[in-house]
Structures are given as structure tokens and as C-alpha cells.
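Below: one structure, written as C-alpha cells.
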Amino acid sequence: MDKKSTGLSDTFKKNTAPKSFTKNPIKGTKFTIAISSAKGGVGKSTFAANLALSLKNLNYKVGILDADIYGPSLPKMMDINEKPKSEDGKSLTPIERYGVQCMSIGFLVDKETPMIWRGPMVTSAIKTFTQKVLWDNLDFIVVDMPPGTGDTQLTFAQEIKVDGAIIVSTPQEIALADVTRGINMFDKLKVPILGLVDNMSFFETDEGKKYNIFGEGGVEKLSKKYNKEFLGKIPINIDLRIAADNGKPLVEENPNHNISKIFIDIAKKVEKSFI
Ligand SMILES: Nc1ncnc2c1ncn2[C@@H]1O[C@H](COP(=O)(O)OP(=O)(O)OP(=O)(O)O)[C@@H](O)[C@H]1O
Ligand SMILES: [Mg+2]
């Protein structure tokens, strides 16, 4: 009897197979470090800018990619008010400031224009920034992520080779619950976590009295619980905030400041993870 083939066609199989993603490194860069937090306003952008300048201080070629499409901070933090050039109408040249190559959606749109975009447009902007920017021979690209666990995180985790993530948090309990979510997200997406940072850790008066405004030791405890490295504590400091608002990160403004030294120490730990 004639056996009728019930096999599925190759085209059908191909079209219905689970989508597999190829993770490409960001062109023109060696190592990609994502600065993340599940909660907003904990100091990611401040940390990203100061870490980038600390790595530059250690003589690496560094870039910062502002991946926060809805709330870009890089134009303000690095005092950039110009638009990136495009020589061929297809690719963008990053803007160099303080020896660091920078790219942000904020360079392309008016400051007051809100980005009212759906997820797929965000994904496409991230792809442009990782594939169409002429990053020039960078050792490290520091990516300032938006808060949360949304489209941008997913695009990075699935399509871009992220060599390590750093999770920034403040120590109060309401932020710590989100850190756990962040750790689980990166573990699930198989992105190595370089470590956790406790920002706005405490406030110290001129007389040396310390106040644990947001509680104490929570981030460090979580690092232990999930077996991740604890990278350090950054206190609440007015010079750090003023430098950020003035568009010149503290590490660049004064690398000998006590707070700058903490960032440079963290950069040395990051360096050790790669080199
Ligand atoms: N350790 C600190 N001491 C004092 N001010 C700080 C510290 N860390 C961050 N800040 C200030 O807190 C504010 C929020 O920081 P930042 O914008 O870096 O947070 P973020 O996590 O990137 O926020 P978002 O989730 O909106 O992207 C800024 O004004 C910044 O200067
Ligand atoms: Mg930010």
C-alpha cells in the first residue's frame, strides 16, 4: 500500500519553530555592561556616568549608551546639547564628552518632547543604537537601562551580548523587593550579574555622624542570599548630586573626592571581572 507522507514540510517546521535569538555584541565595542534596577530613581544614571568616567580614569576607552527611551538622562548628566552627525544618512556618530563616547535618544529629540511610543518602537530604537552607531573601538560600553523589567531589558537580553549587569538599589525594603525581581530576571535571561551596589546608603554629617536614612545593610544581605558580589556602598552626597545636575559627573570634576574614590574602586572590581 502506498504510504502517504504525513511529515511536515520544512517551511512549515521553520515557520512554527520557537524563535531563536542570536546575541550580537554591540559593534565597535568589547564589553557591554548594563546598569540596571527594577525600581526608578535609585541612581542608575548617576552610577552609569560615574562608572564610565572611572573606567576612563583607569585608561580604558569607554562609551555610554542611554537606553532609557522614555526618560533619557545623558544630555543633562554630560551637558550635551548637540545632535549627533550622520555621514551616510544611515549611521550615527556618537558625541564625545570628557573623553567618553555618548549616545541617547535625548540627543535626537527636543528636551520637552515626551516619547509616546509603543514597545516595538522602543525595541527598534534600541536596535538602532546598538547596530547603527559608530562606536569607535571601545573597551567598555556602559548601558544606562530604564527602570523595570520591560521591552528594553528583554531586547538587550535576547538580542545583544551583555557581558555583565550591575544592579543598583537603595536600601529601603520597598526597593529591595524589586532587586530580587531584577536578579531573577537576569538569571533567567542568562545575563551574568557582576554585582549589586547600595546607593544612597547613608548620610554622614560634617561631624562624622551617620544616619541610615533608608535602612541598613539590605542590599549586602541580598547579595549574600543570592550569591552575588557586593560591589560597594555609595552614601547620599550633595557634591555627587550637584555635579550630576551641572553636567559634569563627580569622578570627572574631582577624581580625588571621597565619593569618586568609591566609584573608582567599583570600576577596579568591574575591570577584574573582565581583564
Ligand atoms: N548617592 C547619591 N547622593 C545624592 N544624590 C544622588 C545619589 N545618587 C543619585 N542621586 C541623585 O538622585 C537623583 C536620581 O538619580 P538618577 O537619575 O541617577 O536615578 P535613576 O535610577 O537613573 O532614575 P530613573 O529610574 O528615573 O532613570 C538625581 O538627582 C541624582 O543626582
Ligand atoms: Mg536614569
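The values are calculated or read from the model by the stated rules, or taken from the named source; none is laboratory data. Note that the coordinates shown come from a computational prediction; the quantities given were computed from them, not determined experimentally. Every residue, glycine as well, gets a Cβ built from its backbone with ideal geometry; the counts of neighbours run over all protein chains shown.
I'm trying to understand the selection: among the residues of the stretch 54-112, which are buried (at least 21 other Cβ atoms within 10 Å of the Cβ), among the polar types (S, T, N, Q) and in contact with a strand residue (DSSP E or B) (Cβ under 8 Å, 6 or more places away or on another chain)?
Of everything in the stretch 54-112, those that are buried (at least 21 other Cβ atoms within 10 Å of the Cβ), among the polar types (S, T, N, Q) and in contact with a strand residue (DSSP E or B) (Cβ under 8 Å, 6 or more places away or on another chain) turn out to be GLN101, SER104.
Is there any pair linking a residue in the stretch 130-159 that is touching a residue at least 60 places away in the same chain (Cβ under 8 Å) and assigned to a helix (DSSP H, G or I) to one that is within 16 Å of ligand 1 (Cβ to nearest atom) and aromatic (Phe, Trp, Tyr), with Cβ under 9 Å and at least six apart or on different chains, and which?
THR130/PHE156
Considering THR22, THR32, which residue is of a type in the set (S, T, N, Q), away from ligand 1 (no atom under 16 Å from the Cβ) and at pLDDT 95 or above? Break it down into steps so the answer makes sense when it comes.
On the way: THR22 fails: at pLDDT 95 or above.
The conditions single out THR32.
Please go through the stretch 178-196 and pick out each residue that is within 16 Å of ligand 1 (Cβ to nearest atom), part of a helix (DSSP H, G or I) and among the aliphatic types (A, V, I, L, M).
From the stretch 178-196, those within 16 Å of ligand 1 (Cβ to nearest atom) are 178-179, 181-182, 185, 196; that's our starting set.
Subsequent filtering for residues that are part of a helix (DSSP H, G or I) retains 178-179, 181-182, 185.
Those that are within 16 Å of ligand 1 (Cβ to nearest atom), part of a helix (DSSP H, G or I) and among the aliphatic types (A, V, I, L, M): VAL179, MET185.
Go through the stretch 41-72 and count every residue that is within 12 Å of ligand 1 (Cβ to nearest atom), in a loop (DSSP other than H, G, I, E, B) and not hydrophobic (A, V, I, L, M, F, W, C).
Of the residues in the stretch 41-72, 6 are within 12 Å of ligand 1 (Cβ to nearest atom), in a loop (DSSP other than H, G, I, E, B) and not hydrophobic (A, V, I, L, M, F, W, C).
What are the residue pairs meeting all of these: first residue in the stretch 47-76, first residue farther than 13 Å from GLU252 by Cα, second residue near ligand 2 (Cβ under 10 Å from one of its atoms) and assigned to a loop (DSSP other than H, G, I, E, B), Cβ atoms under 6 Å, and 6 or more apart or on different chains?
Short answer, once both residue conditions are applied: ASP66/PRO72; ALA67/MET145; ASP68/PRO146.
Among the residues of the stretch 77-94, which ones are away from ligand 1 (no atom under 16 Å from the Cβ) and in contact (Cβ under 8 Å) with a residue 12 or more places away in the chain?
Matches in the stretch 77-94: GLU82, LYS83, PRO84, LYS90, SER91, LEU92, THR93, PRO94.
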